[in-house]
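What follows draws every value from the coordinates through simple rules; no lab data is involved. What you see is a predicted model, and the numbers here were worked out from it, not measured in a lab. Positions of Cβ are backbone-derived with ideal geometry, glycine not excepted, and every protein chain shown enters the neighbour counts.
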Amino acid sequence: MLTELIRDEGIQVQTITSLIANHPQEINEKDEYGRTALHIAVSRGRLDLIQCLLENGADPMALDHQGNSPLFFSLKLQSAQFLSNHGADIQHRNLRGDRAVDYVRRLGGRSELIDFLSGYQNEQIATALQGQSWIKLRNRTNQPRVSVLTSISTTIKSVYHHFGLAKLIAIFLFLVVLSLYLAYYITGIWPSKHDLIYHGSRLFNGQSGHHKT
């Protein structure tokens with residue numbers, strides 16, 4: 001069994017690789033404590049075996065009977081880095097509510113390992129707080145837009161109730177005609193009074209193309 005074989009201090013990576021190739025189902029099998037070969041390799045600080053197991057499909061979040069992942073048994077900074085790079089959840093809590101940093105600190109783990117686990121947590125917390133701040137800022141930025149739209153809607157409703165639909169239509173048409181007149185007046189293409197009378201008389205007399213000779 002892989003969990004028994006990996007306890008041998010003199011075990012070589014080639015032996016583990018060969019066993020996994022012939023019995024791939026053993027990669028995540030557990031012993032009587034619920035620990036996998038990865039748990040044991042991490043607890044022994046065997047970086048070569050840790051890398052071999054992870055590259056061959058070992059689950060970095062396999063839990064023993066106390067809810068401990070392999071990260072809880074880290075003795076070296078490199079072990080924790082290997083595990084975190086392969087998906088180990090540093091925020092995971094075991095059945096006692098401990099995180100990996102709490103467990104390692106209580107066992108007298110090395111300061112650089114504790115700093116790594118603590119620093120990673122602080123980074124995650126800072127990222128979460130930054131995301132919340134951005135959401136609040138975005139909501140605060142959108143509030144004036146909602147107020148402006150509400151104000152415009154209220155103004156339109158009050159004007160409608162004051163003048164009525166017929167007067168509003170008349171005012172709208174007047175403004176349209178006035179705008180067209182100003183546009184034609186400014187551009188200089190508004191037809192003169194003489195042109196209007198001339199073309200009006202032609203239409204009235206039924207003439208469409210040429211003057212009478």
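Within the shell defined by Cβ-Cβ distances under 13 Å, the residues around LEU49 carry a net charge of 0, with Lys and Arg each +1 and Asp and Glu each -1.
Ordering 95-107, 12-24, 60-72 by mean Cβ neighbour count within 10 Å, with the highest value first, yields 60-72, 95-107, 12-24.
Modelled this way, with points 7 Å down the Cα-to-C-beta line, the labels at GLU55 and GLU4 are 2.8 nm from one another. Computed from label points 7 Å out along Cα-Cβ, the spacing between ALA166 and ALA21 is 9.6 nm.
Taking the Cβ of ASN68 as the center, what net charge do the other residues with Cβ under 14 Å away carry, scoring Lys and Arg +1 and Asp and Glu -1? My count for the surroundings of ASN68 gives 0.
Once you have a ≥ b ≥ c as the square roots of the Cα gyration tensor eigenvalues for segment 27-112, tell me rounded if a/c is under 1.5, and otherwise prolate or oblate according to whether a/b is larger than b/c. Here segment 27-112 falls in the oblate category. Summing +1 for each Lys or Arg and -1 for each Asp or Glu among the other residues whose beta-carbon sits under 11 angstrom from that of ASN94 gives 0. Contact order, relative form, for segment 2-117: 20 percent (alpha carbon pairs under 8 Å, 6 or more residues apart, mean separation divided by residue count).
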